[in-house]
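The values are calculated or read from the model by the stated rules, or taken from the named source; none is laboratory data. Note that this is a predicted model, so its numbers are computed, not measured. Using ideal geometry, Cβ is built from the backbone for each residue, glycine included, and neighbour counts are taken over all protein chains shown.
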Amino acid sequence: MLQGEEIKQLIPQREPIMMIDTFYGASETAGKSALTVLAANVFCENGQLREMGVIEHIAQTSAAYNGVKNKQNNGEDSKPKLGYIGEIKKCQIVRLPRVGEQLVTEVVVTAQVMNVTLMEATTKVGDETIATCQIKLFEED
Amino acid sequence: MLKDDFFTIKGKESSGDGQVTYHVELNADHAIFKGHFPGNPISPGVCNIGMIKACAEEEIGASLFIGNMKQVKFSHLITPTENKELDIELKIDATDSEAIKLVAAIVKDGTKFMDIKAEARKE
């Protein structure tokens, strides 16, 4: 498990737009991360993490999975590659998370071709599913 | 949240077919560009969604919750240096206030940077 500053080994994003604070690890085809919503979060408004924050949290969970794979393939010292969201589909946000709540997101890889990864994401607060989506991530070489 | 901070609205035009175009300008000095990415500022895809949402809120005159994004496609990266000025094209069908249909794109001079099909409701 990686937390706080250690997350920077896996993803290229930096403050104020780091939207994961814990990475639980990755299997061959899945990754899991968490974010505790702070009032100071750049995507927080009136005590809620807005849609953009939820989606960025999902995107960075995917990026962290890619970061783990990158280290496995290219060595422990490999820096995280820049990556971008290519497409989002079927994104349902049931409700916005509130300050103090912890989002836990699991991404499962459904396809990977060259530098494009397609994933399905589920975000929960406790047992409650608050968001699901399909996300396509592009990674630079 | 992003309006008047990450970006500003410079003007708007309506065309006869129900489309409204907002002219916006990015704030290259915003802190988000420091983290996305250090030394290589690129507008995060979610901020592009956020700019569209803010313009739709401006147009409707109410805060929106976008609970259903059917499809969002990002075709070109937006940087605050190369793409400071952008046009946000909106088509909004608010007949059903619980499922406001939003079709929008960010474009400039014939380049489409992203487009979105979504359903929102007023907060």
Q. Tally time: how many residues in the stretch B:25-58 are facing another protein chain (nearest Cβ under 7 Å), crowded, with 16+ Cβ neighbours inside 10 Å and not hydrophobic (A, V, I, L, M, F, W, C)?
A. 5
(Q) Condition check: free of Cβ contacts under 8 Å to residues at least 60 places away in the same chain and touching a helix residue (DSSP H, G or I) at 6+ places or on another chain (Cβ under 8 Å). Does A:Cys133 satisfy that? (A) no
**Q.** Yes/no for B:Gly61 being farther than 22 Å from A:Gln13 by Cβ, within 12 Å of chain A (Cβ to nearest Cβ) and over 13 Å from the mean Cα position of the chain (by Cα)
**A.** no
Q: With the condition kept exactly as written, say whether any residue in the stretch A:41-56 is assigned to a loop (DSSP other than H, G, I, E, B) and either among the hydrophobic types (A, V, I, L, M, F, W, C) or at pLDDT below 95 (or both).
A: yes
Q: Enumerate the strands (runs of 3 or more DSSP E) found wholly within the stretch A:75-140, keeping only those where 1 or more residues are farther than 13 Å from A:Ser62 by Cβ and within 14 Å of chain B (Cβ to nearest Cβ).
A: A:83-93, A:128-139
(Q) Give all pairs with beta carbons closer than 8 Å in which a residue from the stretch A:97-114 that is farther than 26 Å from A:Leu38 by Cα meets a residue that is part of a strand (DSSP E or B) and of a type in the set (Ser, Thr, Tyr); count only pairs at least 6 apart in sequence or on separate chains. (A) A:Val109/A:Thr117; A:Ala111/A:Thr117
Q) Hey, does the stretch A:30-45 have a residue that's surrounded by 17 or more Cβ atoms within 10 Å (Cβ to Cβ), of a type in the set (D, E, K, R) and within 14 Å of chain B (Cβ to nearest Cβ)? A) no
Q) Limited to the stretch B:54-102, what total is found for residues that are closer than 25 Å to B:Asp29 by Cα and either at pLDDT below 95 or out of contact with any Cys (no Cβ under 8 Å at 6 or more places or on another chain) (or both)? A) 20
Q.
Looking at (1) surrounded by 14 or more Cβ atoms within 10 Å (Cβ to Cβ); (2) part of a loop (DSSP other than H, G, I, E, B), which one does A:Glu15 not meet, given that it meets all the others?
A. (1)
Q: Sort out which residues of the stretch A:18-33 are of a type in the set (Gly, Ala, Ser) and part of a loop (DSSP other than H, G, I, E, B), and write them in order of number.
A: A:Ser27
